[in-house]
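So the structure is just underneath, and the comments pick up after that.
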Amino acid sequence: QVQLVESGGGLVQAGGSLRLSCTASGRTFGSYNMGWFRQAPGKEREFVAAISWNSGITDYAGSVKGRFTISRDNAKNTVYLRMNSLRPEDTAVYYCARSKRISIVPATAQDNYDYWGQGTQVTVSS
């Protein structure tokens, strides 16, 4: 069992930056791959970024590539999402999730993830 808690969301002006954090309660991520997803009002939840815990290999949605960076800190049991050049269309609830698998390449489909955080709201004003 894993408990994931996101933090770092809030209100930011367009062009600004935020860093989201996701920490695992009680235990480490144990080499499981991690991902970030988001859901905007009236939209389906979509993939944002993922990282292979062991290899550090990352993957990004095309809409955030070049602006967002996913990273992890093994010692702190934490995965981050650094978001730069934020746009109003980035407004959404952001979720972190743990993959069902340990693999060198992270998965992007959400059915590959078995534990989910409660989400943190990111609002970008124009």
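The values are calculated or read from the model by the stated rules, or taken from the named source; none is laboratory data. This structure is a prediction, so every number in the text was calculated from the model and none was measured. All Cβ positions, even for glycine, are placed from backbone atoms using ideal geometry, and neighbour counts span all protein chains on display. Heavy atoms of the whole protein, side chains included, go into the accessibility calculation; ligands, DNA and RNA do not. Shrake-Rupley method; radii C 1.70, N 1.55, O 1.52, S 1.80 Å.
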Of the residues in segment 88-126, those that are open to solvent by less than 20 Å² (accessible area, probe 1.4 Å) and farther than 14 Å from Trp36 by Cβ number 1
Would you confirm whether any residue within segment 42-62 is part of a loop (DSSP other than H, G, I, E, B), open to solvent by 20 Å² or more (accessible area, probe 1.4 Å), in contact with a strand residue (DSSP E or B) (Cβ under 6 Å, 6 or more places away or on another chain) and modelled with pLDDT under 95? no
Those residues of segment 1-13 which are open to solvent by 50 Å² or more (accessible area, probe 1.4 Å) and assigned to a loop (DSSP other than H, G, I, E, B) amount to Gln1
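Quick one: in segment 63-87, of everything that is aliphatic (A, V, I, L, M) and over 11 Å from the mean Cα position of the chain (by Cα), which residue is most open to solvent (accessible area, probe 1.4 Å)?
Of all residues in segment 63-87, those aliphatic (A, V, I, L, M) come to 64, 70, 75, 79, 81, 83, 86.
Adding the requirement that they be over 11 Å from the mean Cα position of the chain (by Cα) leaves 64, 75, 86.
Numbers: Val64: 1, Ala75: 93, Leu86: 4 Å².
Looking at residues that are aliphatic (A, V, I, L, M) and over 11 Å from the mean Cα position of the chain (by Cα), I get Ala75.
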Among strands (runs of 3 or more DSSP E) completely within segment 64-126, the ones holding 1 or more residues that are in contact (Cβ under 8 Å) with a residue 60 or more places away in the chain are 78-83, 92-99, 113-116, 120-125
Exactly one of Thr69, Thr23, Thr78 is of a type in the set (Ser, Thr, Tyr) and farther than 16 Å from Val2 by Cβ, and that one is Thr69
Filtering segment 26-41 for residues that are within 22 Å of Val2 (Cα to Cα) and in a loop (DSSP other than H, G, I, E, B) leaves a count of 8
Note on Thr23: of the conditions (1) outside any strand (DSSP E or B); (2) modelled with pLDDT under 95; (3) surrounded by fewer than 21 Cβ atoms within 10 Å (Cβ to Cβ), unmet is (1)
